[in-house]
There are 2 protein chains.
Amino acid sequence: MENSVLKFGGTSVGDFEKIKEIAESLKDRTILGEKLIVVVSAMGGTTDALLSNVSRLSPAPKDDHIALLVTTGEQQTISYLSIVLEDLGVRTKAMTGFQAGIKTFGGHMKSRIADIDKACLLDALEENDILVVAGFQGVNDQNEITTLGRGGSDTTAVAIAASCDMPCEIYTDVDGIYATDPRVYKDAKRIYGISYDEMMEMSALGAGVIETRSIEIAKNHSIPIYLGKTLSDEKGTWIMQETEVLERKAVTGAALDEDIILATIFEPHVDSTLIFDLFKRFEEEAINVDMISQVAGNEGFQLSFTIKGTEAGKLDQIFAEIQMTHSDMFLTREKDFAKVSIIGSGMRDMSGVASKAFMALNGSGIKFYQTTTSEISISYVVDKIHGKHAVESLAAAFDL
Amino acid sequence: MENSVLKFGGTSVGDFEKIKEIAESLKDRTILGEKLIVVVSAMGGTTDALLSNVSRLSPAPKDDHIALLVTTGEQQTISYLSIVLEDLGVRTKAMTGFQAGIKTFGGHMKSRIADIDKACLLDALEENDILVVAGFQGVNDQNEITTLGRGGSDTTAVAIAASCDMPCEIYTDVDGIYATDPRVYKDAKRIYGISYDEMMEMSALGAGVIETRSIEIAKNHSIPIYLGKTLSDEKGTWIMQETEVLERKAVTGAALDEDIILATIFEPHVDSTLIFDLFKRFEEEAINVDMISQVAGNEGFQLSFTIKGTEAGKLDQIFAEIQMTHSDMFLTREKDFAKVSIIGSGMRDMSGVASKAFMALNGSGIKFYQTTTSEISISYVVDKIHGKHAVESLAAAFDL
C-alpha cells in the first residue's frame, strides 16, 4: 500500500478529545498496512497565547527569539499525539523540525525550506508505523530554530511529500474547495478535482484554504494534494496535474475580492519618469499592483490599476510624494470596488468564455470598469455593491 | 573580568516579573564587563502542568515522548528571558540543549551528559553578552531529545562551567547551605565555604539543595560552585576544593533522615546463598542499602541494614520471595527510625570526633542502634522520635 503524508491544522488538534479521535482514525489506516507521516500544527490558541506573552515582555522582540518560543507549540502537539498513538499500540516516532532535517533559509519567521532529510524520514518510517512531525518549523544553517510563516504547516507537509514522493492529505475544518465561496453563492458546487494552475490562480485571487507556495511545491514534484475535512467521510478536493483532472470544464471556479481600490493617473508628458518613480515606490513598500491598463497618445498617457483596499494609506502617501516632483500630473483613487474572477485551465482551448462571461454580467445589469485576462483566468472590476451579484451571475452561467 | 555560568531554578523564574528582575540584575553584571552563560529551568509549575496532561492521555507513556514534551518548558523560559534581555539592550543568544551541543547517553528521562560543544558556546559568547541555555535537556546520539533527571538543570550549569572552565553560581530560594537544617535546629549556622567531599556527603545524607552528581562534576574539574538566594544580597555558600576552605572545623554539618527502616536477618546456615540472593534482588529493584553490619559465627549469621522508608513495599515483597527458598531464616523489619549524621573533612586529621558525638547523644539520653563511619562522616540510627533532638545535641556540641 502507498504511504502518505497527512497534515492536521490547529483547530483539528484543538483539544485532547480531537487528538484522541484523530489518533484512532490514524490507527485504522495503519492496521490496513499503510505507513504515515503526520504533520501537525500547534493546538488551536496556543500560538496566540505565546505571542500575547511576548507582547507583555517587549514592544519590539527579535524574530529569532519569537520563533524559538512559538515552535514549542508544535513540539507539544507532536508529543501529545505520539503519546496517544503509542497508547493505541501504534509504533510512533515524534520529530521536531531539526530532527526531521528540515533546513531553512531566510528570515527567522518567514523562512523557506531549503532541504529535507529524506533518508532520515524514510529510515524512521522503516521502524515505525507513524512519524509525527512538527509543522511550521525548521533550522537554518546556524542551527537556529525558524518558522515558515503563513500556511507554514501546509508547506512542511507538502515539502515532505515532495521529498519522499508520497501524496499529501491536508485536513482542516472545511470540506474541500468550492467553485465559488458558498457564503457568496449558496448553490456553490464542491470541486473534486482541480489542476495545480487553477488552484494557484484561485488562491491568488482570494479563495483561501491553501497558500500558493504549497501548491507550487506540489506542482514542481507532481505530488497530488487532497484537501478535506478532519474526521469526515465527505469527499474533498484533489489538486493534481491537469491531465489527471477527469471532469474538464471551461471554468472551474469563481473568486471575489470585495476590497479593491481603483487608481487612475493622467500625465501630459509622455517622456516623464513618473511610472518609474511610482513603481519603484510600490516595490519599496511591497504594494501589489494588479490589473494595470495604460493608454498612451501624443497628449500624454493615462494609467489605471487596482490595489488591495488595505493599502489605501500607503497609496495616499506615495501619491503625495510623487505629486511633489510631478506637479502637473493628475491622480485619482476610488475605493468601493470589487474584483470578480473566473478561473479555469479549460479557457486555454475552449473559446467563448470571455463573451459568455460578458453576457452574464451584462444580462444582470452589472457594469465593469476594467478587465484583465491571464491564460487561465479573467477578472473584472465592478462596483463593490455588485460584487456578490456578479459572482452569482457568473456561477450560474458556468455551472459552478 | 572572569566570565561565569549562572543557573536559575523554576521558582526563581516563576513569573514574568521575576524574569524581568533577573534580567535587570544580569544586565548590571554585563555593564561591568562580564560575559555570562545563564542556565534556566522551566517556569515554576510548567513541568507539572505538562506531566498532568500526559497522565490524562496515557497510563503508560513512553519516556522519549515525555522528554520531548517537558523540554518545551525550558525552551519557553529561554525565549522569554532572551526577549527581556534584548529589550534591555543586552546582546543575547538563546540556546536549547541541542543548540548548545549538549550530547547525552542513557535513558530518555535520566540521561547523563556525554559531551558539551565548548567551541560552539564560546564562539556564541564572543558575539553576545549573555547566552541563555535551556537546562535539564540534551540530545542523544540518535538526535532524540532527552532530559537529565532530578537536579538536571544544576547538572547542565555545572557541566557547562566545567567544559568552559568558569565558576558556577546556582540561585534558588534558599540562601546557601546550613550546617544543619534550620527547620530541625533553629540556631543552625550558614556555611560560607565547604569542600566538595563534605557537600557530597551532606547531599547523600539528606541535606538537599544540590545533587551529588553536580558536585562530582565540579570536583573533577575543580570548578567552584556558589549556592545563593535569587536576587538577594545575602552571602551564600561556596563549594570548592578542601584546601581553599578557609575556616576548617572537625565537623562541618549535620544531617537528618527521618524515614528509615531497620531490617535484620538471622540465618542458621553460614554457607547459605541468602546474602547473594537478597542483594541481587535489591540491585534489580534499585533499592539503596545503607549502614550494613554483620555478625557471623558457628551458629549462623546476623545481618542488619537500613533502607529508605519509601522502599517498605518493595522490601516486604523481596522478603516474601526469599522466605520461599530460605524457609529457616528469620526476618524482621522495623520502621520509625531516623538516621542522624555528622559530616566534616576535618575528621580525617582531628581525633575525638566519634567520642564527642557519643557523649553528646549519651548526655541527651538518646539511644542508638547502629553506627557506621566513612572517612568524613559518622551516622547513627536512633528512634524516629529522637531524631530532631539528636541533631540539636550534635549541632550544639560541634557548634553548627
Inset, instruction - Check B:THR11 against each of (1) in a loop (DSSP other than H, G, I, E, B); (2) polar (S, T, N, Q); (3) without any contact (Cβ under 8 Å) to a residue 40 or more places away in the chain and name the one condition it does not meet. - result: (3)
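If I filter the stretch A:118-139 down to residues being within 23 Å of A:GLY33 (Cα to Cα) and out of contact with any Lys or Arg (no Cβ under 8 Å at 6 or more places or on another chain), which single residue comes out as nearest to the other protein chains (Cβ to nearest Cβ)? Walk me through how you get there before you give the answer.
First, pick out the residues of the stretch A:118-139 that are within 23 Å of A:GLY33 (Cα to Cα): A:118-133.
Now restrict to residues that are out of contact with any Lys or Arg (no Cβ under 8 Å at 6 or more places or on another chain): A:118-123, A:126, A:133.
Working: A:LYS118: 15, A:ALA119: 13, A:CYS120: 8, A:LEU121: 12, A:LEU122: 15, A:ASP123: 11, A:GLU126: 14, A:VAL133: 12 Å.
Out of the qualifying residues, it is A:CYS120.
Yes/no per residue for (1) free of Cβ contacts under 8 Å to residues at least 24 places away in the same chain; (2) touching a His at 6+ places or on another chain (Cβ under 8 Å); (3) not assigned by TED's automatic domain parsing to the domain that holds A:GLU86:
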site	(1), (2), (3)
A:LEU131	no, no, no
A:GLN137	no, no, no
A:ASP141	no, no, no
A:THR147	no, yes, no
A:ALA157	no, no, no
A:VAL209	no, no, no
A:THR212	yes, no, no
A:GLY228	no, no, no
Inset, instruction - Please give the number of the condition A:GLN142 fails out of (1) away from every other protein chain (no Cβ under 14 Å); (2) part of a loop (DSSP other than H, G, I, E, B); (3) not basic (Lys, Arg). - result: (1)
Inset, instruction - Would you check if A:ALA67 is modelled with pLDDT under 95 and hydrophobic (A, V, I, L, M, F, W, C)? - result: no
Legend entry - Output for the stretch B:315-327, where each listed residue is closer than 16 Å to B:PHE276 by Cα and either touching a residue at least 12 places away in the same chain (Cβ under 8 Å) or surrounded by 13 or more Cβ atoms within 10 Å (Cβ to Cβ) (or both): B:LEU315, B:ILE318, B:PHE319, B:GLU321, B:ILE322, B:GLN323, B:THR325, B:HIS326
Legend entry - A:THR332 in contact (Cβ under 8 Å) with a residue 40 or more places away in the chain, exposed (fewer than 13 other Cβ atoms within 10 Å of the Cβ) and assigned to a helix (DSSP H, G or I): no
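Where in the stretch A:230-323 are there strands (runs of 3 or more DSSP E), lying wholly inside it, with at least 3 residues that are among the small types (Gly, Ala, Ser)?
A:253-267, A:290-297
It is to be established whether one or more residues within the stretch B:161-177 are at pLDDT below 95, in a strand (DSSP E or B) and not hydroxyl-bearing (Ser, Thr, Tyr). So that I can check it myself, show each step before the final result.
Of the stretch B:161-177, the ones at pLDDT below 95 are B:172-177.
Going one step further and asking which of them are in a strand (DSSP E or B), we end up with B:172, B:177.
After this cut, where a residue has to be not hydroxyl-bearing (Ser, Thr, Tyr) as well, the list is B:177.
Yes, the stretch B:161-177 contains at least one residue that is at pLDDT below 95, in a strand (DSSP E or B) and not hydroxyl-bearing (Ser, Thr, Tyr).
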Inset, instruction - Just name the residue that is nearest to A:PHE368 (Cα to Cα) out of those in the stretch A:290-321 that are β-branched (Val, Ile, Thr) and at pLDDT 85 or above. - result: A:THR306
Inset, instruction - Go through the stretch A:71-89 and give me each residue that's surrounded by 23 or more Cβ atoms within 10 Å (Cβ to Cβ) and aliphatic (A, V, I, L, M). - result: A:ILE78, A:LEU81, A:ILE83, A:VAL84, A:LEU85
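Scanning the stretch B:351-393 for residues that are among the hydrophobic types (A, V, I, L, M, F, W, C) and surrounded by fewer than 16 Cβ atoms within 10 Å (Cβ to Cβ), which turns out modelled with the lowest pLDDT?
Ranking the candidates gives B:ALA354 first.
Condition check: under 21 Å from A:LYS110 (Cα atoms), surrounded by 15 or more Cβ atoms within 10 Å (Cβ to Cβ) and not assigned by TED's automatic domain parsing to the domain that holds A:ASN288. Does A:GLU169 satisfy that? Spell out the reasoning first.
Numbers: under 21 Å from A:LYS110 (Cα atoms): no; surrounded by 15 or more Cβ atoms within 10 Å (Cβ to Cβ): yes; not assigned by TED's automatic domain parsing to the domain that holds A:ASN288: yes.
No, not satisfied.
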Inset, instruction - Quick one: count up the residues across the stretch B:17-34 that are within 11 Å of chain A (Cβ to nearest Cβ) and surrounded by 15 or more Cβ atoms within 10 Å (Cβ to Cβ). - result: 3
Inset, instruction - Starting from residues that are among the small types (Gly, Ala, Ser) and in contact with a strand residue (DSSP E or B) (Cβ under 8 Å, 6 or more places away or on another chain), keep the ones in the stretch B:35-92 and report whichever is farthest from the other protein chains (Cβ to nearest Cβ). - result: B:SER41
Legend entry - Selection from the stretch A:133-166 of residues that are in contact with a helix residue (DSSP H, G or I) (Cβ under 7 Å, 6 or more places away or on another chain), among the acidic types (Asp, Glu) and surrounded by fewer than 23 Cβ atoms within 10 Å (Cβ to Cβ): A:GLU144
Inset, instruction - Report the residue count in the stretch A:335-370 for those that are free of Cβ contacts under 8 Å to residues at least 40 places away in the same chain and closer than 25 Å to A:LEU278 by Cβ. - result: 1
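The values are calculated or read from the model by the stated rules, or taken from the named source; none is laboratory data. Worth saying up front: this structure is predicted, and the values here are computed from it rather than measured. Glycine also receives a Cβ, built like all others from the backbone with ideal geometry; neighbour counts cover every protein chain displayed.
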